[in-house]
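Every read-out reported here was derived from the displayed coordinates using simple, explicitly stated rules and does not represent laboratory data. Just so it is clear, the model here is predicted, and its values are computed rather than measured. Neighbour counts run over all protein chains shown; Cβ positions are idealised from the backbone, glycine included.
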Amino acid sequence: MQTSDQPILRDIVLIGGGHSHVGVLKSFGMNPIPGVRLTLICTDMHTPYSGMLPGYVAGHYAYDEVHIDLSRLASFAGARLYRDEVIGIDRANQKVICKSRPAVPYDQLSINIGSTPQLQGVPGAAEHAVAVKPIRNFNDRWIALLERVKTHTGKTTIAVVGAGAGGVELLLAMQFRLRNELTQLGRNPDELTFHLLTSSDNILPTHNAGVRSRFDAVLAQRNVQVHRKSEVTQVKAGALTTSTGQELQADEIIWVTRAGGAAWLKTTGLQLDAEGFIEVKDTLQTINDPLIYAAGDIANMVNFKLEKAGVFAVRQGKPLTENLRRAVGGTALEAYRPQTSWLALISTGDKYAVASRGWLGFAGAWVWQWKDWIDQRFMRKFSEFPEMSANAKSAPSNTASNAVKLNSEESLQAISAIAMRCGGCGAKVGATILQNALSNLHPVQRDDVLIGLKDPDDAAVVRVPPGMAMVHSVDFFRAFIDDPYIFGKVAANHALGDIWAMGGQAQSATAICTVPPGMDSKVEDVLFQMMTGALEVLNEADCSLVGGHTGEGKELALGFAINGLIEDKPEAILRKSGMKPGDVLILTKPIGTGTLFAAHARLAAKGRWIDAALQSMVISNRVGAQILREHGGTACTDLTGFGLLGHLVEMTRPSEVDAEIHLSALPLLDGAQDCVEAGITSSLQSANVRLRRALRNQEEFVKHPRYPLIFDPQTAGGLLASVPADRVDACIAALKAQGYPHTCKIGRILPQGDAIEPITLVA
């Protein structure tokens, strides 16, 4: 979680992680503006570099070599990363409308989402063809095609619709890779047939005749059937029809024709061209809204006719960055003048490439090597970051464009935000901010809550139903990610875990949260985002938020005191002390959150690792606990800060049993073992390691790659439980069926022996 003594004054929101926006993020990471916060909203944690995608398809590069890790880049830039789909813009209120989270306010907004395939114009194309964009969907289909070709006996026919540079390059890359795969399997590569279809007279229509001639020769040499003046008019399962009346059978149809703007842009009121692209001025500002910018394929510069080429998206990053800086500083913007010609390096799949610029054209293996050098150099900009101190992140710049222009009211708020803060009740968040943030929150209503959040009283009042007992728990921690909405979900889920682990049902919650001081609107939004996420979790748990306290602090933090209900009889309670010899030890979620988020703070974790960890952390243990009870679970706890070993020790001692942990069986979050092997551990790891004295044979396993993970502190971890051996398989099957796919046996419960140490490790 990024922290700074500088209050947030302006929000720049970036929609999409395209080539222009990665340049903006890198620039702000190198030279931040105090008081300016960036927020990136995108659907994926990785953005592909278009120049290297054909090489990836051909097998010359691995996935990570051609994708920019947006999570690492955003962390370096001090930017918030919100993973969501944008569905609209509320320009009147300056908010970005998202599909699955609260609207995101902006002061300046930039759009760099690329183009969207326009398949709807051809009957059946959307259902039966594979669009190259978005790349994520194409990659999944491409991997599936690879496997299908390897296992399929007989011929495979692939049709590529669109013969621009993208279509030709992709076809040749696919052909090269697939033929190699069949050759390695000892099969005939001529089982593959490729078709290239274009509505034009020529392939590569935007390139010179010499370049077109070279590729005509390559396609002919490789037996690619080129269909000219053959506009596709209909697509069916396994076939397509052209304007010439030809019906072509194809096992896979790849769509690489000219795309258009995303459909949701039509609702924004922004000025669009005939294809749905956003029209922009030379400053990259949209024509009719000076607060909104666009760059890359989605932008149409009205004064320049530009090809939809990655080179322009990359080069627009610098002027876009400069104008965003100038906009928050209140200085005049600069016009961008794109080049009139550019160099295109088009590969043929086999580490050979053709260079095209204007009327020039030359080719060779050396051209591919040159292209590879250029591409690798570009990618290193976004994977290798300089070491930067915390002070460097907030240090003011001397450039004129790095000052934030404020009006008089904003200046007063900024002065107040950086003034020495009071303690005691003077540290409470202001009543107006609190009221505004909470007014749109709607906690679930329960009949047993007599006085709750919406009442003006000093405390909540809840009724305990007859025959029920109260279950109390409290949890509180500071933020570990820069998304307050997701943080709120995790914090609430974590706090509820103790109630579920006891076999109880949540009744009511009171919140305690800390928010950094700042401009009123910024504090209000952070509080609203965080509590919206938390309330979604609480409401789904039928737990009524009945009150709380909000104060100022340097770092964002959130916790809950949870009241739950349970039947007033001992057998209804799931406790830590019920383990019995012969029971099987199971775990419902993978472990590794401590090391992963320690790595995330150091820019050492892959974005997909963090994303997968967060997805696991927001899975509730509510249903899991119910299933354990139904299958005779004898003891249970939720994994939190003390780690697997610490919590297991808490269970074995009162149960008067010993236990065995099978290290090879432990379910791990993606990347967790990589991180501990790199020597990255949580700050709590050293305290947890002291519990190694509970291990009977720790000397044998201290160098085992999974050994450090038994001490790893967990946030919103899974349930650790003991289940009778004759019921454990049915229990695990039920847990997997209900959304706990990583549930597995991790050990067994043994009779208490003579040794002092209760836990034995097994490889």
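Just a few scattered comments:
- Taking 0.36 nm per residue of sequence separation and removing the Cα-Cα distance, the residue 662/residue 567 pair yields an extension gain of 30.7 nm.
- Only lysines eight or more places from residue 589 in sequence, or on another chain, were considered; those with a Cα closer than 21 Å are 489, 576, 606, 736, 745.
- A simple packing score, the average count of other Cβ atoms within 10 Å per residue, orders the peptides 534-546, 750-762 as 534-546, 750-762, with the highest score first.
- Averaged over residues, the count of other Cβ atoms within 10 Å places the peptides 491-497, 732-738 in the sequence 491-497, 732-738, highest first.
- 0 to 90° range, to nearest 10: angle between helix 310-329 axis and the chain longest Cα axis: 60
- C-alpha long axis of helix 365-380 to longest principal axis of the chain, angle in °: 30
- Cross-link reach list, aspartates and glutamates versus residue 305, counting only Cα pairs under 13 Å and skipping chain neighbours closer than eight places: 273, 279, 282, 297
- For segment 414-573: rounded, prolate or oblate by the Cα gyration tensor [a/c cutoff 1.5]: prolate
- In Hz, Karplus ³J(HN,Hα) per residue of segment 341-357 (6.51, -1.76, 1.60; θ = phi - 60°; x = Gly, Pro): 9, 8, 8, 10, 10, 10, 8, 10, x, 10, 6, 9, 9, 10, 9, 9, 8
- Potential extension, residue 152-residue 444 segment - 0.36 nm per residue separation minus Cα distance: 99.8 nm
- Only helices enter the 222 nm calculation for the chain: every DSSP H run of n ≥ 4 contributes -39,500 (n - 2.57), and dividing by all residues gives -10000 deg cm²/dmol, rounded to 500.
- Chain lengthening between residue 472 and residue 246 when straightened (0.36 nm per residue, less Cα-Cα): 74.1 nm
- Of 26/308; 318/522; 133/318; 155/229; 26/381, pairs whose Cα-Cα distance is over 19 Å: 26/308; 318/522; 133/318; 155/229
- With the charge dipole of the chain set up from +1 on Lys and Arg Cβ and -1 on Asp and Glu Cβ about the Cα centre, the Cα lying farthest toward the positive end among the listed residues 537, 60, 701 is that of 60.
- Against the chain, whose longest principal axis is taken from its Cα atoms, helix 209-221 shows a tilt of about 70°.
- Sorted ascending by nearby beta carbons within 10 Å, beginning with the fewest, 21, 647 become 647, 21.
- Bridgeable aspartates and glutamates around residue 580 (alpha carbons under 12 Å apart, same-chain partners fewer than 8 residues away excluded): 656, 658.
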